[in-house]
Amino acid sequence: MRKTYEGGVPLAEVVRSDFVEGFHRGSVAVLDAGGTVVTSAGDITSPVFPRSASKPMQAIGMLRAGLRLADPADLALVCASHHGEDFHLARVRALLRSAGLDESALRCPPDMPIGAEAAAAVLRAGGGPARIQMNCSGKHTGMLLTCLAAGWPLEEYWHPDHPLQRQVTAAVEEFAGEPAGAVGVDGCGAPVLAISLTGLAGAYLRLVCGAAGSVEQTVASAMRAHPAVVAGTTAEDTRLMTGVPALLAKGGAEGVLAVALPGVGAVAMKIDDGQMRARMPVLVSALRRLGVDAPILAELAEVPLFGAGQRVGGVRAIW
């Protein structure tokens, strides 16, 4: 029988008016610079879907299959869960045009931007859901360009048995150091592979420790050089990579987050209820256990709660 994720332990508490009104449970793996688990909580060995935290490894599969991008910011976009800001959409359109394609070639579903300000701007302009606004449109554009470079058909490029997806699967499994425990359909329609949190943290550690000129170094450097492209102008991933030099960070749906810092270690987590608000406090706790300190960590250590417009509490780590 396939081993399934067994769930986590309380990692964060929700405090309102000095009253603990709830908890966020989850699992977290913390690796040192050598890849050894130095501390953990919950189930870190069973497979979970990393969701968009898989994108850097998926990009490696694309590069190995022949994807070539002159601008590192375009590679960052392929790894992105972008917030749908104007500069994100302009870059997606430019990449599609460079290959003689348009938005109709994308097979991610029509969606609103995940960035609140960008979504509000679409509504003010009378717009609605569109494929290019979906946060994975950069990844799907990269997949289309990879197929063209490799001579593979564009039809059904998102199907698990397409040669593109076989190449991507091989890269994810290689960097995780383990075979996929399951294959699912991600929110964008592309395959998502289940790996353990230990495997996910190890993959990110391999990304930041890659030799100069390696595909993993190329991907990690592009993401760290263009964090706003990877997420959004004010996104948490952007703030982390801007505030902690050399840190690589990428979140995923359902409460997933993975980070790595060369010479220090890596962290991967899953919040069981899928709530994003618990991730940063738990991450700050994990990074401090690795000896990481930066002003941005103090800013992210507690997520504020409000009542009648006034701060009345917060979400904070208890692990």
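Quick look at the values:
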quantity	calculated
Residue check for Ala41: modelled with pLDDT of 95 or more, under 18 Å from the mean Cα position of the chain (by Cα) and crowded, with 18+ Cβ neighbours inside 10 Å	no
Top-ranked residue of the stretch 174-195 - restricted to ones that are among the small types (Gly, Ala, Ser), over 15 Å from the mean Cα position of the chain (by Cα) and outside any strand (DSSP E or B), ranked as nearest to Thr4 (Cα to Cα)	Gly181
Residue in the stretch 145-156 that is in a helix (DSSP H, G or I), closer than 19 Å to Met62 by Cα and open to solvent by less than 10 Å² (accessible area, probe 1.4 Å) present	yes
Enumeration of residues in the stretch 212-225 that are open to solvent by 20 Å² or more (accessible area, probe 1.4 Å) and in contact (Cβ under 8 Å) with a residue 24 or more places away in the chain	Val215, Glu216, Thr218, Ser221, Arg224, Ala225
Pairs where the first residue, in the stretch 60-84, is under 18 Å from Cys147 (Cβ atoms) and in contact (Cβ under 8 Å) with a residue 60 or more places away in the chain and the second is part of a loop (DSSP other than H, G, I, E, B) and of a type outside the set (Lys, Arg), C-beta under 7 Å, 6+ apart	Leu75/Leu69
Long-range neighbours under 9 Å by Cβ, at least six apart or interchain, first residue under 21 Å from Ala80 (Cβ atoms) within the stretch 113-129, second of a type outside the set (Val, Ile, Thr) and open to solvent by 80 Å² or more (accessible area, probe 1.4 Å)	Ala118/Asp86; Ala121/Asp86; Val122/Pro129
Of residues in the stretch 78-102 being over 18 Å from the mean Cα position of the chain (by Cα) and of a type in the set (Gly, Ala, Ser), the one surrounded by the fewest Cβ atoms within 10 Å (Cβ to Cβ)	Gly100
Lone unmet requirement of (1) within 15 Å of Gly189 (Cα to Cα); (2) under 20 Å from the mean Cα position of the chain (by Cα) for Ala105	(2)
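Yes/no per residue for (1) farther than 15 Å from Ala53 by Cα; (2) in contact with a strand residue (DSSP E or B) (Cβ under 7 Å, 6 or more places away or on another chain); (3) charged (D, E, K, R):
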| residue | (1), (2), (3) |
| --- | --- |
| His159 | yes, no, no |
| Arg166 | yes, no, yes |
| Ala170 | yes, no, no |
| Ala182 | yes, yes, no |
| Ala228 | yes, no, no |
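The values are calculated or read from the model by the stated rules, or taken from the named source; none is laboratory data. Just so we're clear, the structure is a prediction, and the values are computed from it rather than from any experiment. Glycine gets a Cβ as well: all are built from the backbone with ideal geometry, and neighbour counts include every protein chain shown. With ligands, DNA and RNA removed, areas are computed over all heavy atoms of the protein, side chains included. Shrake-Rupley method; radii C 1.70, N 1.55, O 1.52, S 1.80 Å.
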